[in-house]
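J.: Before we start, here is the structure in question, set down as structure tokens.
All of the numbers you see were taken from the coordinates with simple rules; none came from a lab. As the structure is a prediction and not an experimental result, all values here were calculated from the model. We place every Cβ from the backbone using ideal geometry, glycine too, and count neighbours over all the protein chains shown.
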């Protein structure tokens, strides 16, 4: 059974946002782990949404400005 890629992408983004606004370090880590789990499932998805190009880039980057977890 193939997972819905849009669902995985949506859930990953939601968890990244929840990690960003979490009120404590434990909650932040929990949301980051969930986001990482979704990211892994996205990488393993048969659709090559985040496959690396020859230059090392990807068609989608959740942190295009290298501001993981912070404001641009």
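J.: Given a Förster radius of 30 Å and the C-beta distance between residue 33 and residue 4 as r, what FRET efficiency does 1/(1 + (r/R0)^6) yield to the nearest 0.05?
T.: 0.90
J.: Within 10 Å of each residue's Cβ, count the other Cβ atoms and sort 18, 33 from fewest upward.
T.: 33, 18
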